[in-house]
Amino acid sequence: MNGHFRAFSFVDQITGLRPGISIEGRYLIPPEVNTFPSSLVAEAVGQLAAWGAMAAVDFLRRPVAGIAGMIELLAPALPGQVLELRADLESVDIEAVAYSGSAHMNGASVVRLRDCVGPMVPVADFDDPQALRDRFSLLSAAGAMPGGFEGLPNLGLQPNGGEKGRCARTCLSVPIAVPFFADHFPRRPVFPGTLLMHANIETAENLASQVPLPNGAEWRTERLSDLKLRTFIAPGETVEIEAKWIEQSEHGLSVTVESRIARRLVSSAEIHFVPEVDS
Amino acid sequence: MNDINISKNEILALFPKVAETVADAVGCETEKVKLESSLIEDLGAESIDFVDIVFRLQRLFKVKIPHGKIVEQARGSLSEAEFEKAGVVSEAGVTRLRTFLSEVPPERFKLPLKVADIPRLFTVETFCKLVIRQQRATAATATPQAA
C-alpha cells in the first residue's frame, strides 16, 4: 500500500479550525506499535500546525521543521491512546509559520511546544498540492482511517565514543528504504527533523546515564530548548551526533547536542534532565 | 522609507539587546557581535538564523517584522522591474540599497549584485534599524496623527 498520508502522518482528524489563528485535531496512536516516543508526539503537533499553515496559504507553501524554542516532555504517550492536539499560530505567511502547541492524553498534558518556527517552502517541491487539499478536506470532515503508522524502524544509531560523563557521541546512518520516506515527502524524501530529535535525545540520555545521582534517582528528560535544524537530511546520509555536559545542579542537568554531516552543523539543541526517584 | 531620521543614539540604545539576540540565534558569545558585524561573513549566520533572529526580535520588541520582506522594504518606491533584472540588482536598485543600507561600507557592494546576495550585506546595525522602523510603524498605527 502507498505510504502517503499513512506511514508518517499523525493527524487523523481536524476537529476545530480558526483560519490562520488556531487548529485542533486528534490522533489515535496505533495499539499495535510497541512505543510512541515523545518526539513523535511533537511531530503530531507540528503536523497539525502545518495543516493550519498550509490552509492559510492555499496549499502553495508548506512549513518544514526549523526552530523550536522549547519542547516540554511532560508524560509518556501510550499506544492505543488518543492524542488531543492543538496549535496556536502566532503568525503565518509565505515565508514562515510561528506557533505554539500541545498534546493531551486523557486530559493530561503530554507534550508542550513553544516559540516554534517553520520556514515555508513551495509545496509542489515536496508533495502534490491537490492531494494535500483533498486530504485536508477529509481530515476536516469525517477524518481519516486511523492506524497507518507501523512503528519506528531501527534508525541504526551506533555509539561512537566519548568521554564518560562529559561527552557522548553516536553515529546515525539514515536508512534508505523505510516506509516513512513515502510520506515525508512523496516528491522529495527528507529525514524527519523529529526523528533526528529522537536520536539527539537518545544520545543525551546515554550521556546522562553516565552522570551519577544519589539515592537511586535517575535522570528524566524534561525538555529541549533552542532546537534548530539547519538543513534537510537525505536518505543514506551519515549524521554524527555529540552530546556535551554543560552544567549540573541539584535541580537538573543540562546537555548540548550538535549533529553534523561531514563536519557541517545540521542541528543543535539543549536538553535538560531532572532527577527522579522511581516510585 | 527614510533612514536619515534614525539617529546613532537610537541605534546604540537598541544594540545591546539586538546583539544578545543575534548571539543567541547564531550560537556565539555576545562580545563577538559588533554593530558593524556582517551576519553571514563575520558571524557565520545561515538562512535559518535570519528567520530565528527576526522572530526573536519580534517577540522581544513586540513588533511585527516583515520577515522575508526586508528586500521589498529596501526597494522603496522602485518597482520590481526597476530594482532588478533577471536576479541582478539594477544600477538604480544599487543606489537605493546604498541609502537603505547606509551602515554597510561602500566597498562591500560588489557589482554585479545578485538579489539573492543582498542578505550578505546585512549587519547587526541593519537589524537595529529594522526594529526601529517597525517600532515607529507600530506607534504610528496605534496613535494616528491628528488632522
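Summing charges over neighbours of B:Phe55, with a neighbour being any other residue whose Cβ is under 9 Å away from its Cβ, gives -1 when K and R count +1 and D and E count -1. Per-residue ellipticity at 222 nm, computed for chain A from helices alone with -39500 (n - 2.57) per DSSP H run of at least four residues, works out to -5500 deg cm²/dmol. Would you mind telling me which residue in A:Ser22, A:Ser254, A:Ser209 has the biggest mean-square fluctuation in a Gaussian network model of chain A, where springs connect alpha carbons within a distance under 10 angstrom? Ranking A:Ser22, A:Ser254, A:Ser209 by mean-square fluctuation puts A:Ser209 first. Out of all Cα-Cα pairs in the protein assembly as shown, roughly what percent, to the nearest whole number, are more than 29 Å apart? The proportion of pairs with Cα distances above 29 Å equals 51 percent. Projecting the Cα atoms of B:Thr141, B:Gln58, B:Ala45 onto the dipole axis of chain B, where Lys and Arg carry +1 and Asp and Glu carry -1 at the beta carbon, places B:Thr141 farthest toward the positive end. Exposure proxy ranking for B:Phe109, B:Phe15, A:Phe59, based on other Cβ atoms within 10 angstrom of each Cβ and starting from the fewest, stands as B:Phe109, B:Phe15, A:Phe59. Projecting the Cα positions of A:Ala131, A:Met105, A:Ser38 onto the charge dipole of region A:13-140 (unit charges on Cβ atoms of Lys, Arg, Asp and Glu, taken about the Cα centre) puts A:Met105 furthest along the positive direction. Phi-derived couplings, Karplus 6.51 cos²θ - 1.76 cosθ + 1.60 at θ = phi - 60°, listed residue by residue for region A:8-20: 8, 10, 10, 10, 8, 7, 9, 9, x, 8, 10, x, x Hz, with x used for Gly and Pro. Who wins for biggest fluctuation among B:Ala86, B:Ala74, B:Ala45 in a Gaussian network model of chain B, springs between alpha carbons below 10 Å? Top of the fluctuation ranking is B:Ala86. Taking other C-beta atoms within 10 Å as the exposure proxy, B:Cys128, A:Cys167 rank A:Cys167, B:Cys128 from fewest upward. Residue exposure proxy: A:Ile271, B:Ile53, ordered by other Cβ atoms within 10 angstrom of their Cβ from fewest to most, comes out as B:Ile53, A:Ile271. Calculated mean residue ellipticity, 222 nm, chain B: -15500 deg cm²/dmol, from DSSP H runs (n ≥ 4) at -39500 (n - 2.57) each, averaged per residue and rounded to 500.
Relative to one another, the C-alpha centroids of region B:43-76 and region A:161-181 are positioned 33 Å apart. Across region B:102-118, rounded Karplus estimates of 3J(HN,Hα) from the backbone phi angles (6.51 cos²θ - 1.76 cosθ + 1.60, θ = phi - 60°) give 5, 6, 8, x, x, 5, 7, 7, 8, 9, x, 9, 7, 4, 5, 8, 4 Hz, Gly and Pro being marked x. For region A:1-105, applying the loop criterion from DSSP together with a ceiling of 14 other beta carbons within 10 Å to the GluC sites (Glu not before Pro) yields A:Glu32. Remark: for residue pairs A:Lys228/B:Lys34; B:Lys85/B:Lys110; B:Lys32/B:Lys110; B:Lys8/B:Lys85; B:Lys17/B:Lys64, the C-alpha separation exceeds 27 Å in B:Lys8/B:Lys85. Magnitude of the charge dipole for region B:69-147, about its Cα centre and with charges confined to Cβ atoms of Lys, Arg (+1) and Asp, Glu (-1), is about 120 debye. According to the Cα-based calculation, Rg over Rh for region B:1-119 is 0.96, with Rh computed by the Kirkwood formula.
Charges were assigned to the Cβ only: +1 to each Lys and Arg, -1 to each Asp and Glu. The resulting dipole of the protein assembly as shown about its Cα centre is roughly 900 debye.
Quick note: the coordinates plus some simple rules give every number you see, no bench work behind them. The structure presented is a predicted model; accordingly, all values stated were derived computationally and were not measured. Methodologically, a virtual Cβ is constructed for each residue, glycine included, from the backbone with ideal geometry; neighbour enumeration extends over all protein chains shown.
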